[in-house]
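A.B. asks: Once you've had a glance at the structure underneath, I'll fire off some questions.
The values are calculated or read from the model by the stated rules, or taken from the named source; none is laboratory data. Just so it is clear, the structure is predicted and the values come from calculations on it, not from any experiment. Heads up, the Cβs are rebuilt from the backbone with ideal geometry, glycines too, and the neighbour counts pull from every protein chain shown.
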Amino acid sequence: MRREPAFIFDLDGTLVDSVYQHVLAWRHALEAEGIALSVWRIHRKIGMSGGLFTNQLLRETGVDIDPERVDRLRRLHAEAYQRFADQISPLPGARELLTWLSERDIPWAIATSGRMETAELNIRALGIDPQDATIVTRDEVTYAKPDPDLFIAAAEKLGTPVETSLIVGDSVWDVLAATRCRALGVGLLSGGYGGDELRQAGAIRVYDDPADLLQHIDEVGGRR
């Protein structure tokens, strides 16, 4: 019986260096709608579902956000993010980590709160054809992080119990979602959240980036 756990990865800030491009794209979208929000406040919401993003936005700004405006914001964000495509690159060790897992027949998947219209840019930046990997996007689930639906769906696609999976992410939303489906959460600092924040959300280990995780892969149940 296989003893190695499956690995389920978040995408933005976990495998690709794209968090701040998302922040700037959201700022552009909000400004186009006449909504003022500080960049740091936008950053704190990257990784959560779009629905929660807009709910928090409403509370913080008092702006009326109806379904039509929500859809416009999403489209404006996607259009702005496309313009940053040439700035997106894999985080250190991301490609090597995925290759290492594949060579040892350890299953892995990517589960992202982004929709495929933006996620595809990041996946291709990793040198991966979206058709050749196990990927779950926001388009495929009812709720995104911090709900666990994305990770549960990814585990189902891999044919492995989510409870024995390792979920790797850069935000508290990733770790909270991992906790809610009784998986083990591993935090990375490469998305801008602090180690204490990730541990308080439930991360069992925290590493700098994918390269650091690969260097310490034995600590989380990988096998060299």
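A.B. asks: Could you run through region 20-53 and say how many residues are more than 29 Å from Gly159 (Cβ to Cβ), of a type in the set (A, V, I, L, M) and buried (at least 21 other Cβ atoms within 10 Å of the Cβ)?
C.D. replies: 3
A.B. asks: Then there is this: Looking at (1) closer than 23 Å to Arg95 by Cα; (2) of a type in the set (A, V, I, L, M, F, W, C); (3) surrounded by 20 or more Cβ atoms within 10 Å (Cβ to Cβ), which is the only condition Ala133 fails?
C.D. replies: (3)
A.B. asks: Now for a separate question. I'd like the full set of residues that are surrounded by fewer than 19 Cβ atoms within 10 Å (Cβ to Cβ) and in contact (Cβ under 8 Å) with a residue 12 or more places away in the chain, limited to region 56-73. Give the derivation first.
C.D. replies: The first filter runs over region 56-73 and keeps only residues surrounded by fewer than 19 Cβ atoms within 10 Å (Cβ to Cβ), leaving 56, 58-72.
Listed by number, the residues that qualify are Glu60, Thr61, Val63, Arg69, Val70, Arg72.
A.B. asks: A further question follows. Any chance region 212-223 includes a residue that's hydrophobic (A, V, I, L, M, F, W, C) and closer than 30 Å to Asn55 by Cα?
C.D. replies: No - not one qualifying residue is present in region 212-223.
A.B. asks: Exactly one condition in (1) modelled with pLDDT under 95; (2) closer than 24 Å to Gln21 by Cβ is false for Asp147; which is it?
C.D. replies: Exception for Asp147: condition (2).
A.B. asks: Here's another thing I want to ask about it. Residue check: is Ser190 in the same structural domain as Thr112 (by TED's automatic domain parsing), closer than 28 Å to Arg41 by Cα and modelled with pLDDT of 90 or more?
C.D. replies: The answer is yes for Ser190.
A.B. asks: Out of the residues in region 4-51 that are among the charged types (D, E, K, R) and in contact (Cβ under 8 Å) with a residue 24 or more places away in the chain, state the one that is farthest from Leu214 (Cα to Cα).
C.D. replies: Our first condition is that a residue be among the charged types (D, E, K, R); within region 4-51, this holds for 4, 10, 12, 17, 27, 31, 33, 41, 44-45.
From the residues that got through so far, the ones that are in contact (Cβ under 8 Å) with a residue 24 or more places away in the chain too are 4, 10, 12, 17, 33.
Working: Glu4: 15, Asp10: 16, Asp12: 18, Asp17: 17, Glu33: 42 Å.
Looking at the filtered set, the residue picked out is Glu33.
A.B. asks: Oh, and also: So, in region 165-190, of the ones that are among the β-branched types (Val, Ile, Thr) and under 17 Å from Val19 (Cβ atoms), which residue ends up surrounded by the fewest Cβ atoms within 10 Å (Cβ to Cβ)?
C.D. replies: Looking at residues that are among the β-branched types (Val, Ile, Thr) and under 17 Å from Val19 (Cβ atoms), I get Val172.
A.B. asks: Go through (1) touching a Leu at 6+ places or on another chain (Cβ under 6 Å); (2) without any contact (Cβ under 8 Å) to a residue 60 or more places away in the chain one by one and return the number of the condition Thr112 breaks.
C.D. replies: Looking at each condition in turn, Thr112 falls short on (2).
A.B. asks: Name the residue, out of Ala144, Ala177, that is touching a helix residue (DSSP H, G or I) at 6+ places or on another chain (Cβ under 7 Å), in a helix (DSSP H, G or I) and either outside the structural domain of Thr112 (by TED's automatic domain parsing) or not hydroxyl-bearing (Ser, Thr, Tyr) (or both).
C.D. replies: Exactly one of Ala144, Ala177 is touching a helix residue (DSSP H, G or I) at 6+ places or on another chain (Cβ under 7 Å), in a helix (DSSP H, G or I) and either outside the structural domain of Thr112 (by TED's automatic domain parsing) or not hydroxyl-bearing (Ser, Thr, Tyr) (or both), namely Ala177.
A.B. asks: When region 153-164 is examined, which residues are found to be within 27 Å of His43 (Cβ to Cβ) and surrounded by 24 or more Cβ atoms within 10 Å (Cβ to Cβ)?
C.D. replies: Answer for region 153-164, where residues must be within 27 Å of His43 (Cβ to Cβ) and surrounded by 24 or more Cβ atoms within 10 Å (Cβ to Cβ): just Ala154.
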